[in-house]
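Read the structure below first, then the notes.
The values are calculated or read from the model by the stated rules, or taken from the named source; none is laboratory data. Since this is a predicted model, take the numbers as computed values, not measurements. Note that we place each Cβ from the backbone using ideal geometry, even for glycine, and neighbour counts take in every protein chain shown.
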Amino acid sequence: MEDRTIRVLVAKPGLDGHDRGVKVVARGLRDAGMEVIYTGLHQTPQQVVETALQEDVDVVGLSILSGAHMTLVPRIKEMLKENGLDDVLLLVGGIIPEEDAEKLTSEGHADRVFTPGEPLKKITACIFDWFKAKPGS
Amino acid sequence: MQQLVEDLLAGNRRAAARLISKVENDEPEKRELLQEIFPCTGNAYVIGVTGAPGSGKSSLVDCLLQQMRSENLKVGVIGVDPTSPFSGGAILGDRIRMQDHALDQDVFIRSMGTRGSLGGLARATREAIQVLDAFGKNIILVETVGVGQSEVDIVKTADSTMVVLTPAGGDSVQTIKAGIMEIADLFVVNKADFPGTERTLTEINMMLDMKEDDRWRPPVVRTVSVRGEGIEEVWNSLQEHRRFMEESGRLLEIRRERVRRELTEQVEYLVKNRIWDRVKEQIEFDSLVEKIVLRHRDPYSAAYELLEKIDFYGEADKEGG
């Protein structure tokens, strides 16, 4: 099963109308051979989680530029768990202050936080490494 | 029965999602799973939605979902988008237009990449339909990739096929070409607030006037999906077509044809696997390739010889799949 296609949901939760960044990331993941499900702007945490469930994704990537990350990310993580999706890799990208990023990862709300200027390769490498190490993959 | 199948039949959405992944990834237990769900299939009505990229297929599916849900029908949606021939990746964006229904427990939406299939559907679309059928959906909407002229696999899969066009799509010769224009049970001219709509409608109708089979004349409906205009008519036409299919016996006919094709494919698949298992076991395939490359042999007689040498019955009881 090693060579099966990795499925990623990239979502923009909350009130944030900027999707240039998330489209660049989606395109980068596509070029790395992944299937990228994009659902558009203004998603509620419920919508994100339900979509992740129906699409049976391996990874959820949240793009948040609104500053609401400390509310949205833990909420989505919690709901993923409630729906039995704890094995999903949760990545966050956006304008996130360092101390928030630290808090999100150390408290287990997100697996990794990417901030502006990080090369796409770092994101794809993070996903590939995780996928390889994942039990049953 | 496998737990996953039990959960699916009990209405568990996660099980449905996992099962679709398993058939899509061609996992070893795929055949067994499909075998187990098969007795619970055959109840859903499958509607295909096809048309050029950007013609409004997803938006129309979204509008139709609303109509169907108002009648309390349970609906499955399969949205197919193209897989890159270079990276194997894909952007699956059909859901963007359907997010109003994301939280509706009786709507299940799944996006699929074509993964090498060229007919407008994904490799495993048919199996995914089986899963959603067994899951208890009354209607399954299948949205193809944005198609050109000849990606018409949907007609082999759907009970009713709706072709979405937009105004000003070329001259009248386009409408009499073979392929996509032949497969419609219903034509929808979307974006009918754009100039050229009347001409497009006329050209489609002229083409239909030439059709000799008069058992069903595909209706031509104009819609403006962003404003919800014409959707009720689309839905009524689809239901009318379904009645025609059921009452005329045509539905049974095409489903029989579909089963015939599927059974043929299954047999061919098994035979092929069995042959290659034997070839790998018994014959130096690579050395034969080398001989052909050096022109010491030709591929035609070599293939014959390969088959002659295979002992099909040596282990005939061994499972070949």
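Below is a table of values for the structure above.
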read-out	value
Condition check for B:Asp100: among the acidic types (Asp, Glu), assigned to a loop (DSSP other than H, G, I, E, B) and farther than 28 Å from A:Ala32 by Cβ	no
Hits in the stretch B:85-99 (condition: among the charged types (D, E, K, R) and more than 7 Å from chain A (Cβ to nearest Cβ))	B:Asp94, B:Arg97
Checking B:Lys280 against (1) part of a helix (DSSP H, G or I); (2) more than 25 Å from the chain's Cα centre (by Cα); (3) over 30 Å from B:Ala303 (Cα atoms), the condition it does not meet	(3)
Matching residues in the stretch A:14-63 - criterion: being away from chain B (no Cβ under 13 Å), crowded, with 19+ Cβ neighbours inside 10 Å and at pLDDT below 95	A:Gly14, A:Asp16
Test: A:Ile76 is touching a residue at least 40 places away in the same chain (Cβ under 8 Å) and either within 12 Å of chain B (Cβ to nearest Cβ) or of a type in the set (Gly, Ala, Ser) (or both)	no
Criterion (facing chain A (nearest Cβ under 10 Å), part of a strand (DSSP E or B) and either among the aliphatic types (A, V, I, L, M) or under 30 Å from A:Asp3 (Cβ atoms) (or both)) met by exactly one of B:Val142, B:Val77	B:Val77
Residue identified as buried (at least 21 other Cβ atoms within 10 Å of the Cβ), in contact (Cβ under 8 Å) with a residue 12 or more places away in the chain, touching a strand residue (DSSP E or B) at 6+ places or on another chain (Cβ under 6 Å) and more than 18 Å from B:Val145 (Cα to Cα) among B:Val61, B:Val75, B:Val80	B:Val75
Failed item, numbered, when B:Arg14 is tested on (1) assigned to a helix (DSSP H, G or I); (2) within 26 Å of B:Val152 (Cα to Cα)	(2)
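Residues are listed down the side, and each one gets a yes or a no for (1) in the same structural domain as B:Gly54 (by TED's automatic domain parsing); (2) under 25 Å from B:Gln130 (Cβ atoms); (3) of a type in the set (Gly, Ala, Ser):
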| position | (1), (2), (3) |
| --- | --- |
| B:Val224 | yes, no, no |
| B:Arg227 | yes, no, no |
| B:Glu262 | no, yes, no |
| B:Gln266 | no, yes, no |
| B:Asn273 | no, yes, no |
| B:Arg278 | no, no, no |
| B:Arg295 | no, no, no |
| B:Ala302 | no, no, yes |
